[in-house]
1. Could you check the range 22-55 and list, in sequence order, the residues that are part of a helix (DSSP H, G or I), under 18 Å from SER2 (Cβ atoms) and free of Cβ contacts under 8 Å to residues at least 12 places away in the same chain?
2. Name the single residue, out of those in the range 1-44 being acidic (Asp, Glu) and over 9 Å from the mean Cα position of the chain (by Cα), that is surrounded by the most Cβ atoms within 10 Å (Cβ to Cβ).
3. Out of all the residues in the range 1-50, which are of a type in the set (Phe, Trp, Tyr) and under 24 Å from GLY66 (Cα atoms)?
4. Residues to consider are ASN24, ASN31; find the one that is at pLDDT below 95 and not basic (Lys, Arg).
Amino acid sequence: MSEPTPEQIERGSSALVPFVQVWNLPLNPENLDEMVYAVLKHARKTGPIADAEYEEIDRAVRAQLGEGA
């Protein structure tokens with residue numbers, strides 16, 4: 001599966017900005033980009049999610065967070 005494009009990440013981040021502002025979330029643009037990347041990367045697979053996939057997604061996102069830290 002291909003990686004989310006920079007344009008998709010930018011659009012997704014733009015869609016989250018109102019939530020961040022209205023809910024007063026302490027996030028910066030880099031946080032939003034990381035969140036959007038994770039959502040797009042894991043949400044584009046089709047079909048029902050298997051129980052084992054929850055753990056796989058959790059591990060992948062935690063690894064992503066470690067890489068970005």
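1. Scanning the range 22-55 gives a single hit, ALA43.
2. GLU10
3. Residues of the range 1-50 that are of a type in the set (Phe, Trp, Tyr), as a first pass: 19, 23, 37.
Of everything in the range 1-50, just one residue is of a type in the set (Phe, Trp, Tyr) and under 24 Å from GLY66 (Cα atoms), namely TYR37.
4. Being at pLDDT below 95 and not basic (Lys, Arg) holds for just one of ASN24, ASN31, which is ASN31.
The values are calculated or read from the model by the stated rules, or taken from the named source; none is laboratory data. Just so it is clear, the model here is predicted, and its values are computed rather than measured. Using ideal geometry, Cβ is built from the backbone for each residue, glycine included, and neighbour counts are taken over all protein chains shown.
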